[in-house]
1. Can you confirm whether E86 is under 25 Å from Y222 (Cβ atoms), at pLDDT 95 or above and among the acidic types (D, E)?
2. List pairs: first in segment 36-50 and of a type outside the set (V, I, T), second part of a helix (DSSP H, G or I) and at pLDDT 85 or above, Cβ under 6 Å, 6+ apart or cross-chain?
3. State all residues of segment 124-145 that are over 17 Å from the mean Cα position of the chain (by Cα) and assigned to a helix (DSSP H, G or I); if no residue qualifies, say none.
4. Looking at segment 19-53, which of the residues that are charged (D, E, K, R) and at pLDDT 85 or above is surrounded by the fewest Cβ atoms within 10 Å (Cβ to Cβ)?
5. Please enumerate the residues belonging to segment 121-155 that are closer than 20 Å to T260 by Cα and among the charged types (D, E, K, R).
6. Pull out all pairs, ordered by first then second residue, where Cβ-Cβ is under 6 Å, the residues are six or more apart or on different chains, the first lies in segment 54-80 and is closer than 21 Å to L141 by Cβ and surrounded by fewer than 22 Cβ atoms within 10 Å (Cβ to Cβ), and the second is at pLDDT 95 or above and acidic (D, E).
7. So, in segment 146-166, how many residues would count as being under 26 Å from E247 (Cβ atoms), more than 16 Å from the chain's Cα centre (by Cα) and not hydrophobic (A, V, I, L, M, F, W, C)?
8. So in segment 81-114, with the set limited to residues that are more than 22 Å from T28 (Cβ to Cβ), of a type outside the set (V, I, T) and touching a residue at least 40 places away in the same chain (Cβ under 8 Å), which one is surrounded by the most Cβ atoms within 10 Å (Cβ to Cβ)?
Amino acid sequence: MFLIVGANSEVGSAAARLIRARDGKVMTTTRRCSEASANSVHLDFECPIERFAIPEGITAACICVAVARLAACAADPVGSARINVERTLALVDLLTARDVYTLFLSTNQVFNGNLPHMPAEAPTSPVSEYGRQKAETERALRARMASGAPIGMLRLAKVVSPGMALVDAWRRELTAVRSIRAFNDMTMAPVPVDIVVASIARLMEDRLPIVAQLTGPRDVTYVDIGRFVAERIGADPALVDPVSALENGLPPGSTPRNTTLDSSYLAGRYGLTVPDAFDVVGKL
C-alpha cells in the first residue's frame, strides 16, 4: 500500500487519484484534522514528526509537502527550513526505519539555471532560499541512500494542471480585449501533472534508489506563453505587455535562464516523455 504525504497539494491529490484509478491501495495524509478519515490520516509538519503513527501495510511513500513558494522561503527562511529540511528528514527517517521506500520530490531550483538539461549527478548550485533548502535535504538523503536506505528523489520544474489559474485568467482578459502582463525574464518548461504522477507511481512501485528528473524539453518565457494563448483564442498578441519579474519584486532565483533537466532516465525506463511547452499549454 502506498502513502501520499500531503494529498491537499496539486501533485499529491493527483497521485492519489491515479493510484486509486488503477485499483491500487493508497493512504493519504492531511494537515486538517477535519479531513481525517479511514483513508486519510492526520499529519501536520508544524508538529513533531515523531508522533506520527505510520499506517499498517505501507510499503512506499511519496512526500509532497513543502513550502514551495520562493517568496515565502525568502521571507521566512527559518520557518520554511523547518518544514523543507528538518521535518522532512525526520519523516524520511521514520519511514525508512520501517523499510518504507520514500520518494522525495525536489526541484530544478537546486541548480542556478545557467545551463539547460542539467544532469542528475551535476553538483547543486542553488540561488534561491527554496533551492538551498531543497539542496540541503538532497545532500542529507544522498548520505542515507549511500548507507542503503530505501530512498529515491524526483526533481521537477513547473507542473501544470487543467484549469491552470494563470492561463485561465489570461484567457478571460484577452477575450475581453484587455491587456495582460507577462514576465519576459521568467521561463518555464511545463510538465503535465498526469505525467508527473505516473512517474511517481512507477518509481514507488519499483522502489528505485535513484535521482530522477522530469521537465519539458525546452524553456519558453511567460511572454511567449501569453502570446501563444492570445493567438489560440484569436486575440491580438500586442495585448501581452512584457514586464520584468525582478523589477516587480520577485525574490532572487525566480528568473533562471533555464529550468530544463535531463529527463532521459524516465523516458528510457518508462517511456514517459513531456511534450513541447506550447503543446502542453494548448491542452490546458
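1. no
2. F45/I83; F45/R87
3. Across segment 124-145, the qualifying residues are R139, A140, L141, R142, A143, R144, M145.
4. Residue satisfying both the conditions and the ranking: D23.
5. If the condition is that a residue be closer than 20 Å to T260 by Cα and among the charged types (D, E, K, R), then E121, E129, R132, K134, E138, R155 are the ones that fit.
6. Every condition considered, the pairs that remain are P77/E129.
7. 0
8. Q109
The values are calculated or read from the model by the stated rules, or taken from the named source; none is laboratory data. This structure is a prediction, so every number in the text was calculated from the model and none was measured. Please note: Cβ atoms are built from the backbone with ideal geometry, for glycine as well, and neighbour counts cover all protein chains shown.
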